[in-house]
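Peer 1: Take this structure, written in structure tokens, and hold onto it; I'll ask about it next.
The values are calculated or read from the model by the stated rules, or taken from the named source; none is laboratory data. Here the structure is a predicted model, which is why all the values come from computation and not from measurement. No Cβ is skipped: glycine too gets one built from the backbone with ideal geometry, and neighbour counts run over all protein chains shown. Accessible surface areas use protein heavy atoms only, side chains included; no ligands, DNA or RNA. Shrake-Rupley method; radii C 1.70, N 1.55, O 1.52, S 1.80 Å.
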Amino acid sequence: MTIGIIGAGSMGSGIAQVAATADCRVLLYDAATDAPRRALAGMEKALTNLETKGKLPAGEAAAILSRIELVQELSALKAADCIIEAIVENLEVKKSLFKALESEVSSDCILATNTSSLSVTAIAAACTRPERCIGLHFFNPAPIMRLVEIAPALQTSEAVVRQADTLMRQWGKTPVLVKDTPGFIVNRVARPFYGEALRILDEGMAGITAIDRAMTELAGFRMGPFALMDLIGHDVNYTVTETVFQSFFQDPRYRPSFTQKRLVEAGRLGRKSGRGFYIYKDGTTEPDSRYETGEAYSEALGQHIVRRIVVMLINEAADALFWGIASKEDIDLAMTLGVNYPK
Ligand code: NAI
């Protein structure tokens with residue numbers, strides 16, 4: 001099979017690696033001419049590393065890379081059976097790309113978008129054959145994360161949904177099926193992990209280290225909400241919250257926090273800028289004392305924190321099920337595979 005990938009950033013290069021590893025021929029295109037070359041160099045490093053560690057048979061890295069071709073024009077994607085777009089998260093830009101693609105590719109080529117927050121239906125509407133469009137939402141890093149949310153647009157044909165599901169399984173992924181709604185499963189159900197933690201902080205009930213400690217030690221999450229927001233980057237995390245809030249017609253359940261907004265405004269974006277809720281300096285991590293409110297940590301306080309956040313997560317998952325966004329099995333799969341939730 002020939003797969004076209006548009007956008008050779010973090011997601012596009014990861015998806016290209018997945019497809020080539022699964023024996024597909026990959027045509028990689030990016031508007032920035034040097035991006036595909038950089039992506040290829042990154043893949044070469046990652047694959048050689050896997051080979052050195054014995055996780056890939058000798059010679060396999062070169063074989064995988066030989067299946068990836070860097071192309072300079074959209075017209076070079078003519079041979080593709082399926083195209084996955086991972087360009088900038090902007091509806092107008094994605095729509096004009098999909099429209100332009102239709103005149104280049106075969107009539108049965110599947111057009112997939114990796115969008116996290118835009119309406120797949122709105123993107124598909126730019127096409128004359130919208131039934132071939134679908135959302136394939138991979139997680140970062142794509143070669144490692146098994147989950148893929150398959151989000152058919154309102155117009156997507158059943159046959160395309162089945163083909164996408166089969167393809168993802170052939171690539172070793174675990175697909176879940178989700179309605180085209182804001183945040184799909186993971187980015188919707190996970191909102192209270194951040195939102196409720198921020199509320200607990202803003203109310204002055206507990207500080208960031210107490211909340212992070214409770215959620216890791218007592219509830220078994222890999223990271224606490226504040227350490228995780230610092231890792232994701234407040235610009236990214238805040239934008240997702242804002243987008244979900246606006247997309248749900250300003251449902252107060254998803255309301256963003258001023259505390260996080262101020263961090264974004266101050267450029268304190270988390271790990272990548274050296275400072276967020278924590279301060280990262282010379283290899284050490286210290287909490288910023290201004291976010292150390294509330295009483296000192298005790299197991300009783302920790303249990304209270306866990307109950308508040310976990311109950312909100314359960315509520316969100318139950319709500320997604322109630323509205324038929326996905327099956328309960330797929331919601332559980334998505335939350336355990338997509339964000340490593342303990343249950
Ligand atoms: P990125 O910024 O790393 O890469 C985007 C690439 O697209 C850049 O190389 C850029 O030059 C290229 N590009 C921009 N406009 C283009 C156009 N009109 N035509 C061709 N190439 C164009 O972005 P990233 O993080 O890889 O995200 C890409 C998409 O994947 C976005 O829609 C994002 O929402 C989605 N996504 C991102 C995840 C993440 O964790 N970063 C996770 C899942 C989805």
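Peer 1: Rank-order 313-323, 285-295, 25-35, 146-156 by packing density, defined as the average count of other C-beta atoms within 10 Å over each peptide's residues, highest first.
Peer 2: So the peptides 313-323, 285-295, 25-35, 146-156, ranked by packing, come out 146-156, 25-35, 313-323, 285-295.
Peer 1: If you don't mind, there's one more thing I want to ask. What's the ranking of 191-202, 162-173 by average number of surrounding C-beta atoms within 10 Å, highest first?
Peer 2: 191-202, 162-173
Peer 1: Given a 1.4 Å probe, how much area per residue of segment 267-325 is accessible, in Å²?
Peer 2: 60
Peer 1: Report the extension gain between A159 and A100 in nm, rounded to one decimal, defined as 0.36 nm multiplied by the number of residues separating them, less their alpha carbon distance.
Peer 2: Between A159 and A100, full extension yields 18.9 nm more.
Peer 1: Which angle between 0 and 90 degrees, to the nearest 10, do you get for helix 91-102 versus the longest principal axis of the chain when only C-alpha atoms count?
Peer 2: 20
Peer 1: Carbon and sulfur: what percent of the chain's accessible surface (1.4 Å probe)?
Peer 2: It is 54 percent, rounded to a whole number.
Peer 1: Note the full-extension length gain between N315 and E299 as 0.36 nm times their separation in residues minus their Cα-Cα distance, in nm to one decimal.
Peer 2: So the chain would gain 3.4 nm between N315 and E299.
Peer 1: So which lysines can K343 reach, going by Cα to Cα under 22 Å and dropping same-chain residues fewer than 8 places off?
Peer 2: Answer for K343, where 22 Å is the Cα cut-off: K173, K328, listed by chain and number.
Peer 1: Roughly how many nanometres apart are two label points built 7 Å out from the Cα toward the Cβ at V236 and T33?
Peer 2: It works out to 2.9 nm between the two label points.
Peer 1: Starting from the 7 Å offset along Cα-to-Cβ, what nm value, one decimal, do you get for the label separation of E89 and D108?
Peer 2: 3.5
Peer 1: Each residue of segment 222-236 in order: what ³J(HN,Hα) in whole Hz does its phi give by Karplus 6.51 cos²θ - 1.76 cosθ + 1.60, θ = phi - 60°, with x for Gly and Pro?
Peer 2: 5, 9, x, x, 6, 4, 5, 4, 4, 6, 5, x, 5, 4, 5
Peer 1: I've got another one for you. Mind checking the dipole of segment 3-48: about its Cα centre, +1 per Lys or Arg Cβ, -1 per Asp or Glu Cβ, Debye to the nearest 20?
Peer 2: Dipole about the Cα centre, nearest 20: 40 debye.
Peer 1: Cross-link candidates for K272: which lysines have Cα within less than 24 Å, leaving aside residues fewer than 8 places away along the same chain?
Peer 2: K45, K261, K281
Peer 1: Treat every Asp and Glu Cβ in the chain as -1 and every Lys and Arg Cβ as +1, leave all other atoms uncharged, and give the resulting dipole magnitude about the Cα centre to the nearest 20 debye.
Peer 2: Approximately 200 debye in magnitude.
Peer 1: Separate question: Between L111 and residues 5 or more places away or on another chain, which pairs have amide H atoms under 5 Å apart, with H built 1.01 Å from N, and which residues are they?
Peer 2: So L111 has HN proximity to I83, C133, I134.
Peer 1: Which percent, to the nearest 5, of DSSP beta bridges fully inside the chain are antiparallel?
Peer 2: 35
Peer 1: Which far-off residues, 5 or more places away or on another chain, put their amide H under 5 Å from the one on V148, with H placed in the peptide plane?
Peer 2: HN-HN under 5 Å from V148: T174, V176.
Peer 1: Long-range amide H contacts for L154: which residues qualify at under 5 Å (H placed 1.01 Å from N, peptide plane, sequence gap of 5 or more or a different chain)?
Peer 2: Sorted by chain and number, the residues that satisfy this are T121.
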